[in-house]
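Q: Sharing a structure, written as structure tokens. Questions coming.
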Amino acid sequence: MAQRRMFSKQITETDFFMDMPLSAQALYLHLIMNADDDGFIGNAKTILRMVGASNDDLKLLMAKQFILTFDDGITVIKDWRIHNYIQRDRYHKTIYNEHLKELELDDNGAYVKEKPMYTDCIQDVSKMDTQVRLGKDRLGKDSNIYSSSNDEPSSLENDFEIIWKDYPNKTGKKQAFNHYKNWRKKSKNNTNDYLMNKLAMYKKHLALNSWKRPMNGSTWFNGRFDDELDMTVQTQAKRVVQRETLPDWAVDTNDSTNKSSEKSTASSEEINDMLEKLNKRKSNG
């Protein structure tokens, strides 16, 4: 296997790539460095842990289709042949030959799944035109869902499943998909990577506030992913104090008696006057 790898600026310097977090960008570059001569990686999760990336970074690469994955966990770099051309005398065919047969190359040289692949594509670098182009279809993978002639509901369902698998509360899946589908069709800017970023922030918010319960899926997908989140740690929920009026039977009657006794207490001068009057009555009697 070749020990050197190349990166095409036509992929790594696009806004589509640069909009991702740095951790996802770094993971993508390390996956390329560790891929075999056909772009396949059999230990993507090991590389993820090795570089300190997260599962969210890997899922974001999948959502943006920078990588393609198979059911057994094998991963392939979608734009491998845009990045790298390997001379025949240095080329070692992948051990994942069955998966290789499931791929073909599109007009830009990127892998496409589920079709037989034209395998005679290893060229002599010195004789090959290294100028490759990144077409509009590569940057606008979701463009086919915005016109009725190219509408593919199955593609929407697949995109939805990528996010749904990672959402922490699986309540209301059918309603959630309907909200998701309507949201996606509103604008070309409503993309899966946008929701993946929002979901990553929401999960961090829940981790900081473990006392909170995740919203139902049908609720979060209904526009609640745009809620403004407080990313500070809260140890407990704020308590609301409500003043209540006690019933008559619960009022302490001692207060009223004390008040009345205080009002009926006479001064010493008044007492002396009363005693003098009593003495005069006795003497007159």
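The values are calculated or read from the model by the stated rules, or taken from the named source; none is laboratory data. What you see is a predicted model; the values in this text were computed from it and never measured. Counting neighbours? That spans all protein chains shown, and the Cβs are built from the backbone with ideal geometry, glycine included. For accessibility, only protein heavy atoms count, side chains too; no ligands or nucleic acids. Shrake-Rupley method; radii C 1.70, N 1.55, O 1.52, S 1.80 Å.
So that you can scan it fast, the table gives a plain yes or no per residue for (1) under 25 Å from Ser155 (Cβ atoms); (2) among the β-branched types (Val, Ile, Thr); (3) more than 27 Å from the chain's Cα centre (by Cα):
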position	(1), (2), (3)
Ala26	no, no, no
Ala35	no, no, yes
Gly39	yes, no, yes
Leu48	no, no, no
Lys64	yes, no, no
Asp79	yes, no, no
Asn84	no, no, yes
Arg88	no, no, yes
Ile95	no, yes, yes
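The rows are residues; the columns are (1) farther than 22 Å from Met18 by Cα; (2) touching a Leu at 6+ places or on another chain (Cβ under 7 Å).
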{"position": "Ile47", "(1), (2)": "no, yes"}
{"position": "Val51", "(1), (2)": "no, yes"}
{"position": "Leu58", "(1), (2)": "no, yes"}
{"position": "Gln65", "(1), (2)": "no, no"}
{"position": "Leu68", "(1), (2)": "no, no"}
{"position": "His83", "(1), (2)": "no, no"}
{"position": "His92", "(1), (2)": "yes, no"}
{"position": "Glu98", "(1), (2)": "yes, no"}
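Q: Can we say Asp71 is without any contact (Cβ under 8 Å) to a residue 24 or more places away in the chain, open to solvent by 40 Å² or more (accessible area, probe 1.4 Å) and not in a helix (DSSP H, G or I)?
A: When the stated conditions are applied, Asp71 passes them.
Q: Only one of His83, His92 is open to solvent by less than 40 Å² (accessible area, probe 1.4 Å) and modelled with pLDDT under 95. Can you tell me which?
A: His83
Q: Among the listed residues Asn197, Asn222, Asn189, Asn182, identify the single one that is modelled with pLDDT of 90 or more, in a loop (DSSP other than H, G, I, E, B), within 26 Å of Phe16 (Cα to Cα) and open to solvent by 50 Å² or more (accessible area, probe 1.4 Å).
A: Asn222 is the lone residue from the list that is modelled with pLDDT of 90 or more, in a loop (DSSP other than H, G, I, E, B), within 26 Å of Phe16 (Cα to Cα) and open to solvent by 50 Å² or more (accessible area, probe 1.4 Å).
Q: Please identify the pairs in which a residue from the range 162-190 that is under 19 Å from Lys59 (Cα atoms) and without any contact (Cβ under 8 Å) to a residue 60 or more places away in the chain has its Cβ atom under 7 Å from the Cβ atom of a residue that is charged (D, E, K, R) and open to solvent by less than 60 Å² (accessible area, probe 1.4 Å), counting only partners at least 6 apart or on another chain.
A: What qualifies is Asn190/Arg184.
Q: Here is a follow-up. Would you mind telling me which numbered condition in (1) in contact with a Lys or Arg (Cβ under 8 Å, 6 or more places away or on another chain); (2) part of a loop (DSSP other than H, G, I, E, B); (3) more than 28 Å from Leu195 (Cβ to Cβ); (4) not hydrophobic (A, V, I, L, M, F, W, C) Asn108 fails?
A: So the condition that Asn108 fails would be (3).
Q: What number of residues in the range 1-24 are in contact with a helix residue (DSSP H, G or I) (Cβ under 9 Å, 6 or more places away or on another chain), in a loop (DSSP other than H, G, I, E, B), modelled with pLDDT of 90 or more and charged (D, E, K, R)?
A: 1
Q: Can you go through Met33, Met50, Met20 and tell me which one is among the aliphatic types (A, V, I, L, M), open to solvent by 50 Å² or more (accessible area, probe 1.4 Å) and touching a residue at least 24 places away in the same chain (Cβ under 8 Å)?
A: From the options Met33, Met50, Met20, the qualifying one is Met33.
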